[in-house]
1. So Asp253 fits all but one of (1) part of a loop (DSSP other than H, G, I, E, B); (2) within 23 Å of Arg306 (Cβ to Cβ); (3) in contact with a helix residue (DSSP H, G or I) (Cβ under 7 Å, 6 or more places away or on another chain); what number is the exception?
2. Of all residues in the range 202-223 being assigned to a loop (DSSP other than H, G, I, E, B) and at pLDDT 95 or above, which is nearest to Leu46 (Cα to Cα)?
3. Quick one: which of Gly361, Gly417 is outside the structural domain of Thr75 (by TED's automatic domain parsing), out of contact with any Cys (no Cβ under 8 Å at 6 or more places or on another chain) and surrounded by fewer than 17 Cβ atoms within 10 Å (Cβ to Cβ)?
4. Among the residues of the range 201-240, write down those that are surrounded by fewer than 18 Cβ atoms within 10 Å (Cβ to Cβ) and touching a residue at least 24 places away in the same chain (Cβ under 8 Å).
5. So which helices (runs of 4 or more DSSP H) stay within the range 262-374 end to end and still have 1 or more residues that are of a type outside the set (A, V, I, L, M, F, W, C) and in contact with a helix residue (DSSP H, G or I) (Cβ under 9 Å, 6 or more places away or on another chain)?
6. Has the range 170-188 got any residue that is in contact (Cβ under 8 Å) with a residue 12 or more places away in the chain, under 19 Å from Thr87 (Cβ atoms), assigned to a helix (DSSP H, G or I) and in the same structural domain as Val109 (by TED's automatic domain parsing)?
7. Looking only at the range 286-345, which residues are among the acidic types (Asp, Glu) and more than 23 Å from Lys261 (Cα to Cα)?
8. Please count how many residues of the range 119-164 are farther than 16 Å from Gly361 by Cα and small (Gly, Ala, Ser).
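The values are calculated or read from the model by the stated rules, or taken from the named source; none is laboratory data. Note that the structure is predicted; figures quoted are calculated from it, not measured. Quick reminder, even Gly has a Cβ in these numbers, built from the backbone with ideal geometry, and neighbours come from all protein chains shown.
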Amino acid sequence: MPSDFTRACLRLLLTAAAVLSPGALLAAESSRPSRPSVLFILADDLGYGDLGCYGCRDIRTPTIDRLAAEGVRFTCYYANGAECTPTRTALMTGRYQQRVGGLECAIGVGNVGRYDDAIRLAQQHDLGLPADQNQLIRGLKQAGYAAAICGKWHLGYEDKFSPTRHGFDHAFYCLGGGMDYFHHTEPTGEHVLRLNGEPVRREGYFTDLVTDEAVAFIRQHQAHPFFLYVSYTAPHAPFQSPKDRRPQPLPEDAPAWDQAKAPPATYVAMNERMDEGIARILDALEGVGVAANTLVIFASDNGGTRSGRNAPFSGFKGSTFEGGIRVPAVARWPGRIPPGTVSEQVCVTMDFTVSIARIAGARLPAGSAFDGVDILQWVERRQPPQPRTLFWRLRRGSQTRSAVREGGLKYIVERQGSETRECLFDLEKDPAEQNDLCAARPADLARLRAALARWETEVRPVQP
């Protein structure tokens, strides 16, 4: 009988032989997924001017800047909504969020509806994104992809709206919008951290916990194509840096909840920690050998708050002026997107949904459709900028803020009760939206006003 030492030596020799064997190398190579994996990273309330690759000088974001240098940086990319929930709805459906109902502004803390339709749905326990309308995840699952969310959900508090009901294989998330980064509570004190639909307690800074979970998922699913949705809450309020842990959760009246008044150093630290987390996730892709076959997308869910930087645009989160909806976005796909590409193509969140579905080979159910275009295919083909017409509408209380961009023209209308304010801008000449052209170009005003009215009729949801 060979000794334990001898058996151990034999195991080492066999392992070395397998590693050095060309057949073993081919077998290992063939076990890797042929279809690309997709990593979609979404920041929360990050402004257009909050990244180094978009001109920021006081926030260090070398990882995101590197993604932009290794792929494409979009200069005319828009969020589907001026707040969290609407954009996330569009990402999951590939359609205008107005088609769903109740999700035209962020769901309030504790599952509160913030305008008439949302209030009605909340009272019926129906405020959220129905799983059968999630075209992205359903399509990816049917195409054989593993799917995970790590981070912010904000598409419904009710159990029937949880990510696992939508088809995610793994879900580590917070339910709503703002959450104490250390105690994982909302301003009301409710603990809202979940793991696969169940309450869970974790020690740590939420940005780091999201990163840890994403890294673990990559290591566990390297042999198969996956879709990993990393949805950071940074730099959304409350404004807490990794060093700001308190013994007790932030009270509801704590200044850190005020979205307009972030201490500058704290805001910088929150964004830099997110960038460091993204570096760890990209390192994990490299470590398991799938980086070359992974599409990485980074974007923001809406414009920055008054604590951020939306330069050179006017307006902030919640507004349909450029600062509220034009956001940073970069994508890296080795071998498909040329490094150093800068795209001036007008595009929007739901366009990425269409691209991901095509790349994964996901098929839409019969009778379904996307509202977006395959933006990454346009980039791959190096197409010159194509004309686009895009629409926005945000409702909260008695206020409605709408906009339409057609080519370089943009029409904005804000209604508050019986009062109406209209603006018309030429974004190519006036990106900061300072020179209202309503009086000078009445024909364009009338045309865009009519286009918005037609769109509002076309996307009206079928009420449940």
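1. Among (1) part of a loop (DSSP other than H, G, I, E, B); (2) within 23 Å of Arg306 (Cβ to Cβ); (3) in contact with a helix residue (DSSP H, G or I) (Cβ under 7 Å, 6 or more places away or on another chain), the lone unmet condition for Asp253 is (3).
2. For the range 202-223, the residue satisfying everything is Tyr205.
3. Exactly one of Gly361, Gly417 is outside the structural domain of Thr75 (by TED's automatic domain parsing), out of contact with any Cys (no Cβ under 8 Å at 6 or more places or on another chain) and surrounded by fewer than 17 Cβ atoms within 10 Å (Cβ to Cβ), namely Gly417.
4. Answer for the range 201-240, where residues must be surrounded by fewer than 18 Cβ atoms within 10 Å (Cβ to Cβ) and touching a residue at least 24 places away in the same chain (Cβ under 8 Å): Asp208, Arg219, Ala223, His224.
5. Once the helices (runs of 4 or more DSSP H) in the range 262-374 are filtered for at least 1 residues that are of a type outside the set (A, V, I, L, M, F, W, C) and in contact with a helix residue (DSSP H, G or I) (Cβ under 9 Å, 6 or more places away or on another chain), what remains is 264-287, 349-360.
6. No, because not a single residue in the range 170-188 is in contact (Cβ under 8 Å) with a residue 12 or more places away in the chain, under 19 Å from Thr87 (Cβ atoms), assigned to a helix (DSSP H, G or I) and in the same structural domain as Val109 (by TED's automatic domain parsing).
7. Glu286, Glu344
8. 7
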